[in-house]
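The values are calculated or read from the model by the stated rules, or taken from the named source; none is laboratory data. In this text, all values refer to a predicted model and were calculated from it rather than measured experimentally. Using ideal geometry, Cβ is built from the backbone for each residue, glycine included, and neighbour counts are taken over all protein chains shown. These area figures cover heavy atoms from the full protein model, side chains too; ligands, DNA and RNA do not enter into them. Shrake-Rupley method; radii C 1.70, N 1.55, O 1.52, S 1.80 Å.
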Amino acid sequence: LDAAVTSSVISGNYAAAARLCEELELETCSTPNTDAAPARYARHIMVYMILNDLDNARHLWRRIDEGIKAGGSELEATWEVGKLLWKREISAAYAALQRTWSAELAPLATALLEAVREHEFALLGKAYTNVGVSTAAAALGMDEAGALAFCTARNWTADAGGVMLTPVAPAPAEPSFEGLQQMQYLAEHVTFLEKSKLTAPS
């Protein structure tokens, strides 16, 4: 199973990797205190976060034996990212992902950073008809030049001064019973972005 998880991660099939991690957790729950446990749990949490499944990541963290948590610095560092994502402290999460990771977790950390960035990009497109480059840069964890290039490469348009961006209108979504929850989440996200813009150094 461990090799199958690695194979799924390498191929970018994180949904399959998550299922295999769950099977591996069940298979090894009778002998949890192994040397490999901290790294396996860190990988498992990272995979959940790549899938934006913070609920399962949090529940997994709560299941982990306290002795294992104390013995794995990378495991603690992984969940620190999870806590920041849970609290919507996105800029801090980007920074936490920039640490030096082990050879096994480094590709996952890169994939997670990209997944968070794509998720934030999608939220920006849903929340704004026009958005400042500085606001987009904060949400994407980039400098303004990088954010401008990132967004225009995805067909957003920039004004002549490169200060404002106009997102591409998202495709109409099918009606969902989660609509009110999504509206509340977007409202919270816009509030977070506006607060970040107001508190950012000039």
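Side notes on the structure shown:
- Scanning segment 146-167 for residues that are over 16 Å from Glu120 (Cβ atoms) and either aromatic (Phe, Trp, Tyr) or touching a residue at least 24 places away in the same chain (Cβ under 8 Å) (or both) yields a total of 5.
Conditions (1) surrounded by fewer than 18 Cβ atoms within 10 Å (Cβ to Cβ); (2) assigned to a loop (DSSP other than H, G, I, E, B), marked per residue:
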position: Tyr41; (1), (2): no, no
position: Trp61; (1), (2): no, no
position: Ala70; (1), (2): yes, no
position: Gly82; (1), (2): no, no
position: Leu85; (1), (2): no, no
position: Ser91; (1), (2): yes, no
position: Ser102; (1), (2): yes, yes
position: Thr110; (1), (2): yes, no
position: Val116; (1), (2): no, no
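- Only residues that are of a type outside the set (A, V, I, L, M, F, W, C) and within 20 Å of Ala115 (Cα to Cα) were counted in segment 40-73, giving 9.
- For segment 7-33, filtered to residues that are open to solvent by 60 Å² or more (accessible area, probe 1.4 Å) and part of a helix (DSSP H, G or I), the residue that is modelled with the lowest pLDDT is Glu27.
- Some residue of segment 55-74 being without any contact (Cβ under 8 Å) to a residue 60 or more places away in the chain, in contact with a Phe, Trp or Tyr (Cβ under 9 Å, 6 or more places away or on another chain) and of a type in the set (Asp, Glu): yes
- Restricting Ala3, Ala39, Ala15 to residues that are farther than 21 Å from Arg99 by Cβ and touching a residue at least 24 places away in the same chain (Cβ under 8 Å) narrows the list to Ala15.
- Only one of the numbered conditions (1) in contact with a Lys or Arg (Cβ under 7 Å, 6 or more places away or on another chain); (2) not in a helix (DSSP H, G or I) is violated by Asn52, and that is (1).
- Filtered by the rule that a residue be over 14 Å from Thr78 (Cβ atoms) and among the aliphatic types (A, V, I, L, M), segment 99-114 gives a lone residue, Ala103.
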